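Readers should treat all values here as calculations from the given coordinates under stated rules, not as data from a laboratory. Small disclaimer: the values here were computed from a predicted structure and weren't measured. We place every Cβ from the backbone using ideal geometry, glycine too, and count neighbours over all the protein chains shown.
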Amino acid sequence: MACFTVPAAEAIITTIAGKVIKSKELKKGTASSESESPKFKLSEKIGWLNKMLWGGSALLAFEHVWHGEVVPFFPFLTAVKDGEASEMLHEMATAGVCMALLVTAVWGVMVAVSGLMEKYADKKSDGSMAGASMAGGLA
């Protein structure tokens with residue numbers, strides 16, 4: 001019924017946080033500078049989360065409109081009109097929070113993997129991987 005509002009609320013918060021972080025990076029001069037090592041800035045990583053949250057929320061909102069749970073006139077949610085507000089709040093607290101946490105967890109894995117890739121790229125560019133061709137790069 002309104003489970004898409006929870007990831008949308010998180011997306012609003014992370015969008016604001018991303019803009020604040022981006023402005024701080026610009027002040028420090030690290031936002032768009034090309035460096036030798038391929039590192040993602042924090043604002044870029046938060047941008048990934050924003051895209052995932054906004055995309056998922058839009059898709060869920062479309063699905064709810066398709067099934068007639070969201071209407072283009074006040075009160076917009078048919079559950080509020082039908083007096084099922086407690087059921088709607090329960091769905092938001094269970095399904096909505098679970099979806100937001102799952103998207104954030106997937107983003108966390110993406111950030112961890114990109115961190116490992118950055119670390120590997122730094123080692124490779126330092127020349128410390130000189131003997132890595134032995135044993136299939138595991139040395």
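Partners of K27 within straight-line reach, counting lysines whose Cα lies under 27 Å from its Cα and excluding those fewer than 8 residues away in the same chain: K19, K39, K41, K45, K51, K119. One chain, two ends: A58 and K123. Fully extended at 0.36 nm per residue, the span grows by 19.4 nm beyond their Cα-Cα distance. Close amide-amide hydrogen proximity is noted between L77 and V71, each under 5 Å apart and 5 or more residues distant or on a separate chain (H modeled in the peptide plane; Pro and chain starts excluded). Cβ under 15 Å from E63's Cβ, E63 left aside: what net charge do those residues give with Lys, Arg +1 and Asp, Glu -1? Cβ neighbours under 15 Å give a net charge of -2.
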